[in-house]
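Heads up, the thing below is written out as structure tokens.
What follows draws every value from the coordinates through simple rules; no lab data is involved. Quick caveat, the model's predicted, so the values are computed rather than measured. Every residue, glycine as well, gets a Cβ built from its backbone with ideal geometry; the counts of neighbours run over all protein chains shown.
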Amino acid sequence: MDISYIGEHSWAGFLGHSFILLSMVAAALATFSFFKREHSGDEPWNTLGKASFRLHSFALIGAISVLFVMLYNAWYEYDYVWKHRNNAMPIRYILSCFWEGHEGSFMLWSFWHMILGNFLMRKKSEWLAPVMAFVSVAQVFLGSMLLGVYIGDLHIGNSPFLLLRELPENIGLPWTGYADYLSRFPQFMDGRGLNPLLQNYWMTIHPPTVFFGFASTIVPAAFAVAGLWKGKYHEWIKPALPWTFLGIMILGVGILMGGAWAYEALSFGGFWAWDPVENSSLVPWIVLLAAGHVMLINRNKARSTYSALLLAIASFVFVIYSNFLTNSGVLGDTSVHAFTDNGLSGQLSLYMAFFIAFPLGMLMVEKSFRRAYWAATAVTLLIALFSGQRMIGLHIWLMATFIMSIYSYKKFYPKEKEEENLWSREFWMFIASLVLVMSALQISVMTSRPVINILATPFRGIIGSLAESFDLEGLRTLASGQMSDKTQPEIIAMYNKWQTPFALVITLVMAFTQFLRWNDTPVKPWLKQIRLSFGLALILTFFTCSYFKLGLDGKNVSMILLFFGCWWAITSNLDYLFRIAKGNVKISGSSIAHIGFGMVLLGAAVSTSQSQKISQNSSMTDITKLNQDFSNKQDILLFKKDTLIMGDQFISFQEKRKDDINIYFRMDYFGLEPRTYKVGEYIYSLGGIYRCKEQHKAGKDMIKDMQAYFEEVNDPSQEVVSKAALWNPYSPGEKMFSLEPRIQLNPKFGNVPEPDTKHYWNKDIYTHVRYGQLDDGSQPVDADGYLPFKEHKLGIGDTLRSGARLAILDSLTSVKDPVGEGLAANDLAVTAWLRIVSPNDSVRQAKPLFILREASYIASRPYEMEGQGVKFDFNEIIPEEGKVTIRVAEKEENLRDFIVMQAIIFPWINILWTGIIVMALGTLLAVIQRFRRQSIGS
Amino acid sequence: MKKSQIIGIIFIAVCLGVLVNALSDPGKMAGFREAFADPEHTYRVSGLLDKEHEVIYDPITNTSLTEFHMKDQKGVLKKVKLKKSKPQGFEMSESLVIIGHAEGDIFVAEEMLMKCPSKYNEENHIIQEAGIPVE
């Protein structure tokens, strides 16, 4: 009962599948050939290996091209296309579609391995075969993640080339019975589409950059394993070094591109939130940084061999672990990026086991040890898989790994005969690397809390009794398997608490180590050399503190120290660059990179620690009296067309407009101008009306200003009251700029606010909408455009709030002259005197009437405020409560438009962005130098 | 002692510190019963948003106040005043953790953690359900 489906481009899927299979087979053949070459030494194997790898490259590019063609042409019969693309999406985001899904990102990762592999093959050397064997085997594994083969319950890889109707969950569904399902059902004519949050230019370049960085960690790992394989424990470093630093540069830039995207498109208020996804790209980078520096030590001093090997391997392992964390669903909801299990966590765990066990086994040097360890790994793995006791198996394996690694380290690696000299470059470089490792471990352990929770499962009983006997709260939660969730501020505080001291040590070492020599440094000349930069850094730190008005009290100390560390790292490396290196390109790379890194840390430390929420609600100072819950700590409430003061500017909500999926809120910003009060102007403050006695520019202090220049008006007339405004030392000046924060209407993923930021050279004003009215849910309006009345019960002196206004019931008076008010002579009428305070500082009066006619007929005459679109009605007197009922109706447009907005100032954030560019350029310079030296050397 | 030993000890100490810190918890997890019995202290209560009651957020009156009802894990229902603006997608949340203290009959929360259904949840069932005729 084969159905020949209409409109499917099934050839594309077939072609894609075939390319994936071919690329895997070719990679496997390449692995085998390179392995044989290294094992037997026969050169022809190399030729076969290279040819196979080229075939693999061809097939992989083929598979990628097919997926692109499918996405480009929007062939929605394919699951991947349907999920990641739609018709409305601009075609320039087609790249983002490609790597939005797991499958695309695995392809991207594999693609970069392939590119790196081809470059590595270009140079003939003894390292080619073993290094390429490692790269090829990784490609086999990555390729299998894209297989999409189902054998019974077992499921190997997810293919991006699967038709929707071929998905296991769709097989057998009624619609698959229609040959013309594609044209019959509208569901197949448009896809689910790319998450609009990813429709951002950063998202077209951030993922490929980060994945290039991830992929580049394979090179030092492959060289380290090759070195172990050949028994050449130092020689692998020289060819691996430039690649390592290339990886540092690319991954570093990629991570901060992610930060730039978060800063621009997400509204969690900053560029970094210690989110698991961010962390899992940061950790491999820090480890790679440590690896690179320990490799430098080893290259120059033949020390720290084990550390260099271990770290070179570790950064690659951390990359795989990161992918495991983000793709396996184990993080669950600890992240603002939510992740789901892609159904491959088992497969990913197996790969992780392989890429940990294989290199760690290699590190055990002696054949018998290696084999014993690998055998132990295989046995525990099999037991774990078939007995179901996975956790126990995992723990046994971890223990075996730990014990055998320590033992082989003690046994096979030579003890350093003498201690490193305290005044040597290698000592401090090692210290810095160690601190980097600690920093990476802290981030990794914190991020891995859910994993630790799972790991602790078999020991819950023991942990529980330990917790009881020592009364340890932390252990208790571990025993219960319920790590409590932390709020974002708590999480950020926890990371900052640890990472600040780590960063401080790193910056200090970065500052003074540049002037240390290998082996030994005469102390006195060295002190002389670092004196200048030290002094400069002190001065700059002093200026920084006075700029931000930071006193040297307890809570600031660590931040001020970090500022100093960053400044010193910058000044000292600048000093080195100009005084020692004299701008010589050959040796400047590292100091430039260090300057850049110092700037990154300085920019991050200053912009986050000195950030300022300026959006306190300034609309109504006395509104707190209305409601005890009222606390406008962070957000500003703005009605359309109102102008309020916010920080150093006036802000006005001008316009709301809808453009495609976005609702933009145009906010105009105006400068502050000192307000000049003229004689006879009235202000309303402290419960009274005051008159200006003397022309003056308003000072900053309201009380002083009022005492000096104002006199209280006793018993003010209505006219005076209506003229009075709230005291304000400023008036809006010229318009400076507009910002348009927006809310993205995103029915599939939930609406998201996106920030808009004004960039100055020394600070950013970052704003995002916390609440805005999106719907035009129409309410009934009367003939004049008023919404229904709302009732308020008020006593004398009580305040009601309607829309943007406050109304205070000042008094009730009986109307003495009903005829004058247009009433009948025997009418009894009561006026409610309402003082109306508007956000634009004006005070007006409303006086609705309550009318008793012939003691029975009750009517009211609402008071309409001209041009304000609001009317007040006085329709009931409740003598027993001593209150009256006032009803308010507003015109629709009054209530429509307001927003709640948050604005944060990030000072000096440009130092961060400049820093990353400087760092990248410096590292690139060093990398080019190293590549050059190598090609001259060989 | 040699330098390397000192460094080794510091390294191990830091690692232990990291581990202990990662496992320790910032506050007591509790139910409403404990929190209301001890209004002096801050508690973390987890539970579900009660969808029977309306979520009230009236930014005109107060930009930083959201009122709702929550059922804790033992099923105790309480009114909650959260001193924050209403988060995006609040009504869609799956579970909540609120941090604050009891005040009279109301739980006043300073902070809240919200778990939302995964944004990346694949929506294959759209195709399975959506109005496709079954013969």
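Assorted remarks:
- Counting 0.36 nm for each residue step from A:Asn826 to A:Glu43 and taking away their Cα separation leaves a gain of 269.9 nm.
- Contact order, relative form, for the stretch A:1-199: 32 percent (alpha carbon pairs under 8 Å, 6 or more residues apart, mean separation divided by residue count).
- Karplus 3J(HN,Hα) series, Hz, for the stretch A:197-202 with 6.51 cos²θ - 1.76 cosθ + 1.60 (x for Gly, Pro): 4, 8, 7, 8, 4, 4
- For the stretch A:1-199: rounded, prolate or oblate by the Cα gyration tensor [a/c cutoff 1.5]: prolate
- Listed residue (A:Ile431, A:Met24, A:Leu774) projecting farthest to the positive dipole end of chain A, Cβ model: A:Ile431
- The relative contact order of the stretch B:28-115 comes to 30 percent, based on Cα pairs under 8 Å that sit 6 or more residues apart.
- Computed about its Cα centre, the charge dipole of the protein assembly as shown is approximately 5720 debye, with only Lys, Arg, Asp and Glu carrying charge at their Cβ.
- Amide H to amide H distances under 5 Å link A:Met646 with A:Ile651, where only residues 5 or more positions off or on other chains count and H is placed in the peptide plane.
- Check: the stretch A:790-890 dipole with +1 on Lys, Arg Cβ and -1 on Asp, Glu Cβ, in debye: 220
- Distant-in-sequence amide H partners of B:Ala109 (H built 1.01 Å from N, under 5 Å): B:Lys81, B:Leu82, B:Lys83
- Karplus-derived 3J(HN,Hα) values for the stretch A:153-166, using 6.51 cos²θ - 1.76 cosθ + 1.60 with θ = phi - 60°, are 7, 6, 9, 9, x, 10, 8, x, 9, 8, 6, 3, 6, 8 Hz; glycine and proline are entered as x.
- Rg and Dmax, both from the Cα atoms of the stretch A:347-451 and both in Å, are 17.3, 56.
- 0 to 90° range, to nearest 10: angle between helix A:218-230 axis and chain A longest Cα axis: 20
- Rounded tilt (10° steps) of A:10-40 against the dominant C-alpha axis of chain A: 40
- Helix axis angle, A:305-327 relative to chain A longest principal axis, alpha carbon, degrees: 50
- ³J(HN,Hα), Karplus 6.51/-1.76/1.60, whole Hz, each residue of the stretch A:431-436, x for Gly, Pro: 4, 4, 5, 5, 5, 4
- Near-label residues of the stretch A:787-821 by backbone N, under 12 Å of a point 7 Å along Cα→Cβ of A:Glu880: none
- Averaged over residues, the count of other Cβ atoms within 10 Å places the peptides A:207-214, A:52-59, A:750-757 in the sequence A:207-214, A:52-59, A:750-757, highest first.
- The length gained by stretching the chain between A:Phe542 and A:Leu167 to full extension, at 0.36 nm per residue less their Cα-Cα distance, is 128.6 nm.
- Remark: for residue pairs A:Lys301/A:Lys410; B:Lys79/B:Lys115; A:Lys486/B:Lys83; A:Lys641/A:Lys723, the C-alpha separation exceeds 22 Å in no case.
- The stretch between A:Ala51 and A:Lys697 holds 224.3 nm of extra length on full extension. This uses 0.36 nm per residue minus the Cα-Cα distance.
- Relative contact order (percent, whole number), chain A, Cα cutoff 8 Å, 6+ residue spacing: 9
- Per-residue mean of C-beta atoms belonging to partner chains within 10 Å, peptide A:487-500: 2
- Cβ-placed point charges (K, R +1; D, E -1), dipole of the stretch A:1-199 about Cα centre in debye, nearest 20: 720
- Given charges at Cβ of Lys, Arg, Asp, Glu: the stretch B:28-115 dipole, positive-most of B:Gly104, B:Ser46, B:His69: B:Ser46
- Per residue of B:10-22, other chain Cβ atoms within 10 Å of the residue Cβ number 5 on average.
- Hydrodynamic radius of the protein assembly as shown per Kirkwood, over alpha carbon pairs, in Å: 33.5
- Scanning residues 5 or more positions from A:Tyr730 or on other chains, those with amide H under 5 Å from its amide H are A:Arg675, with H placed 1.01 Å from N in the peptide plane.
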